Amino acid sequence: MICRALEDIALRLDRLQAARLAGAFEEFDSSSRRIAVIAEGLGLSDVASAARHVGNAAASQSAVAVAATLARLERSFDVGISAVWDAQWM
């Protein structure tokens, strides 16, 4: 179940990157909100917070803000995956 949730977040991150490259700010809302919900369910509060910030940046239609917050979301997700992986083996 956890692996499926992490995979879902990863797929949504790919969609967000594609939307960023296309400048399609309207596509950020649902994916960023869903990432936040999934991340909260997994206890990844930094990922959830970053996802909400991505949605806010997209609402302002600032390409620079979207790029910065999306990069932060991806870094947070990488850290979260490492934490989940480490916890699995403890």
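The values are calculated or read from the model by the stated rules, or taken from the named source; none is laboratory data. The shown structure was predicted, so the numbers you read here are calculated from the model rather than taken from an experiment. With ideal geometry, Cβ positions are generated from the backbone for all residues, glycine too; neighbour counts draw on all protein chains shown.
Pull up the range 63-90, narrow it to residues that are among the charged types (D, E, K, R) and at pLDDT below 95, then point me to the one that is farthest from the chain's Cα centre (by Cα).
Of the range 63-90, the ones among the charged types (D, E, K, R) are 72, 74-75, 78, 86.
So of that shortlist, the ones also at pLDDT below 95 come out as 78, 86.
Working: ASP78: 10, ASP86: 20 Å.
The qualifying residue farthest from the chain's Cα centre (by Cα) is ASP86.
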Return the total of residues in the range 52-68 being over 15 Å from ARG15 (Cβ atoms) and in a helix (DSSP H, G or I). 10
Of the residues in the range 1-51 that are under 13 Å from GLY80 (Cα atoms) and outside any helix (DSSP H, G or I), the one that is modelled with the highest pLDDT is LEU44
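Restricting the search to the range 22-56, which residues are small (Gly, Ala, Ser) and within 15 Å of GLU74 (Cα to Cα)?
The answer is SER31, SER32, ALA36, ALA39, SER45, ALA48, SER49, ALA50, ALA51, GLY55.
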